[in-house]
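The values are calculated or read from the model by the stated rules, or taken from the named source; none is laboratory data. In this text the structure is predicted, and so the values were computed from the model without any measurement. No Cβ is skipped: glycine too gets one built from the backbone with ideal geometry, and neighbour counts run over all protein chains shown.
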Amino acid sequence: MAGRVVVVGGGLAGAKTVEALRDGGHDGGIVLLEAGDELPYERPPLSKGYLQGSDERDSVFVHDADWYADHDVELHLDVQATALDLAGRDVIDTSGTRHGFTHVVLATGSAPRPLDVPGADLLGVARLRTLADADRLRASLQSASRVVVVGGGWIGLEVAAAARAADCEVTVVVRDEFPLRSVLGDRMAALFADLHRAHGVDLRTSAEVSRILAAGDGAHVGGVALADGTVVDADLVVVGVGAAPRVDLARDAGLLVDDGVVVDAHLRSSDQHVLAVGDIARAEHPFLGTHVRVEHWATALNQPATAAATILGRDEPYDKLPYFFSDQYDLGMEYVGWTGHGFDDVVVRGDESGRELIAFWTHGGRVVAGMNVNVWDVVEDVERLIRSRAVVEPARLADPDIPLADLV
């Protein structure tokens, strides 16, 4: 199929989009614009294996440099797209160069939210979003002795686990009563709180940072002051207080933006020639019956196939259920489903105290999400159960002698 596709953003979503276009038979031009200076790479290892030293740096890259040339993909690194000219069908970069398109795919990802307190610009205050961030943090963990992690989301907790593996003293500061509470609810969030405390983390909940304090030289971090007046000593502070979708390009072009770029089930924006994938896509979901934006690896991995199909004129809506995973200490977990419409119960099958279980979030007796912790090869069964919309008695959900496949 002829035509020129410009993909803006060279993360996993961007790389998988150009791959899906070529695999799907697109024989026109493909341009990939990436503001950073690295080849497209995956982010999960940055807070997991690579940060802890078990993964090699080269393992994070989606493709090597030759792949893009071999597949006739015009890859531009260190090129920032600054404007989207919908009338002229051009993407304009910082040099003023116009990249003409028949379709454009926005894969601009998210930017870390800043910690807006005095002292946040001191040396030794770090964040983790890019490969360069991971390089610096990995080196810092080898010399740090007292680490404070601000934020109790997935990234913050994975960094805390990596810091403990590096034998640092670790304090995690969380505004809520539990880390991950907004994602998992109280019961399962408490499981992660207990996990980190069991591994020696000083977990400060219902706490807020008021200031980052300087060391004696006035330039480096020396501690963190909390709103209750307590001070936690630190020579490294890692900020993980969430991320915001990069939607300026879309908003300035006049596309519909509302907690991300609003797209239909085929990932088309309010302009049919512009699609969005990954962190920025707030996509209509046929099964969930609403628009959903999911900032996780699986979305960046899987949505590009739908975007490519749409460009190639195929009717393949995106309807995969949200999925994510995490590794912390000796705990591995996978989560599938969505609780955005609410849940009224959490049913646990397995050993909760031993952290070997499957948890089911239910709404009106129907399973809407499931999480397996140190239990494997069950995601497909849990997803099948969610999609069945079957009403299941809690006792049957909790009974390990009833196979998951028999609950549908």
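Scan the range 215-240 for residues that are among the aliphatic types (A, V, I, L, M) and touching a helix residue (DSSP H, G or I) at 6+ places or on another chain (Cβ under 8 Å) and the total you get is 2. Only one of the numbered conditions (1) among the hydrophobic types (A, V, I, L, M, F, W, C); (2) outside the structural domain of ALA83 (by TED's automatic domain parsing); (3) outside any strand (DSSP E or B) is violated by ALA250, and that is (2).
Only a single item in (1) in a loop (DSSP other than H, G, I, E, B); (2) more than 22 Å from the chain's Cα centre (by Cα) is not met by ARG129, and it is number (2). Among the residues of the range 253-294, the one identified as in a helix (DSSP H, G or I) and either without any contact (Cβ under 8 Å) to a residue 60 or more places away in the chain or in contact with a helix residue (DSSP H, G or I) (Cβ under 6 Å, 6 or more places away or on another chain) (or both) is GLY278. Within the range 66-125, the residues that satisfy the criterion of being under 27 Å from the mean Cα position of the chain (by Cα) and polar (S, T, N, Q) are GLN80, THR82, THR108, SER110. Looking across the range 236-247, just one residue is among the small types (Gly, Ala, Ser), at pLDDT 95 or above and in a loop (DSSP other than H, G, I, E, B), and that is GLY240.
Just the residues that are part of a loop (DSSP other than H, G, I, E, B) and closer than 18 Å to VAL79 by Cα, please, taken from the range 19-37. Of everything in the range 19-37, those that are part of a loop (DSSP other than H, G, I, E, B) and closer than 18 Å to VAL79 by Cα turn out to be ALA35, GLY36, ASP37.
Count of the range 390-403 residues, restricted to those that are in a loop (DSSP other than H, G, I, E, B) and either in contact (Cβ under 8 Å) with a residue 40 or more places away in the chain or surrounded by 13 or more Cβ atoms within 10 Å (Cβ to Cβ) (or both), is 5. Being free of Cβ contacts under 8 Å to residues at least 40 places away in the same chain, within 19 Å of ARG164 (Cβ to Cβ) and aliphatic (A, V, I, L, M) is not true of ALA234. I'd like to check something: does the range 218-239 contain any residue that is of a type in the set (Asp, Glu) and within 21 Å of TRP154 (Cα to Cα)? No, every residue in the range 218-239 fails to be of a type in the set (Asp, Glu) and within 21 Å of TRP154 (Cα to Cα).
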